[in-house]
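First up is the structure itself, then whatever we jot down about it.
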Amino acid sequence: MSPFRVNLGGEGEVPGVLNQQGRWVLTRGWRSSETIQTFKQLVDAGYRFLICDNLDLPLPDECCDEVLTNNVPPFDSVTHWGPTIQTSEVRRILKSGGRWIDNGDVHYVKP
C-alpha cells in the first residue's frame, strides 16, 4: 500500500496527495499561488482536495504517513484567512514514525 500523504496548504498544490485548503478556493477568482490554475482546473487535472479549516481536520487519528507544508504563515496563529496550520492537528493525524515535511525539510517525526 502506498503511503497516505496530505498537503496542509501553503504555496502550491501537490499532485498525487490529498491537498487541504480552506473554503476560499471555492470563491470566484481564486487561483493556485504556484500554477495560477483555478480550483476547477486543478480538479480536472486530477488533484484531490479536502476543503476544511485547520482547527479540526476531518481525518482519523494516526492516518497519515506524511504531512507536507510549504511557505505557510506561522503555525498555530490566525490570519485574515482564518486559523493557520495547527501543530496539534498535525501530530494527531500522523502515524507513529510519520513525518511532517515543511519547505522540503523534516520538521517533526512522530515518536
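Applying the condition of being of a type in the set (A, V, I, L, M, F, W, C) and in contact (Cβ under 8 Å) with a residue 40 or more places away in the chain to region 9-56 and asking which residue is farthest from VAL78 (Cα to Cα) yields VAL17.
Going residue by residue through region 52-61, is there one that turns out to be touching a Phe, Trp or Tyr at 6+ places or on another chain (Cβ under 7 Å) and surrounded by 16 or more Cβ atoms within 10 Å (Cβ to Cβ)? Walk me through it before giving the result.
Restricting attention to region 52-61, the residues satisfying the condition of being touching a Phe, Trp or Tyr at 6+ places or on another chain (Cβ under 7 Å) are none.
No, region 52-61 has no match at all.
Residues of region 1-55 that are at pLDDT below 95 and among the small types (Gly, Ala, Ser): SER2, GLY9, GLY10, GLY12, GLY16, GLY22, GLY29, SER32, SER33. Looking only at region 58-101, residues that are modelled with pLDDT of 95 or more and outside any helix (DSSP H, G or I) come to 19 in all.
So, of the residues in region 1-23 that are of a type in the set (A, V, I, L, M) and part of a loop (DSSP other than H, G, I, E, B), which turns out to be surrounded by the fewest Cβ atoms within 10 Å (Cβ to Cβ)? If we take residues in region 1-23 being of a type in the set (A, V, I, L, M) and part of a loop (DSSP other than H, G, I, E, B), then MET1 is surrounded by the fewest Cβ atoms within 10 Å (Cβ to Cβ). Listed by first and then second residue, the pairs linking a residue in region 81-104 that is on the phi < 0 side of the Ramachandran plot to a residue that is hydroxyl-bearing (Ser, Thr, Tyr), with Cβ atoms under 6 Å apart and 6 or more places separating them unless they lie on different chains, are THR84/SER77; ILE85/THR69; TRP100/TYR108; ASP102/THR69.
Report yes if VAL43 is within 18 Å of TRP81 (Cβ to Cβ), in a helix (DSSP H, G or I) and in contact with a Phe, Trp or Tyr (Cβ under 9 Å, 6 or more places away or on another chain), otherwise no. The answer is no for VAL43.
The values are calculated or read from the model by the stated rules, or taken from the named source; none is laboratory data. These numbers come from a predicted model, not from an experiment. Because the Cβ atoms are built from the backbone with ideal geometry, glycine has one as well, and the counts that use them run over all protein chains shown.
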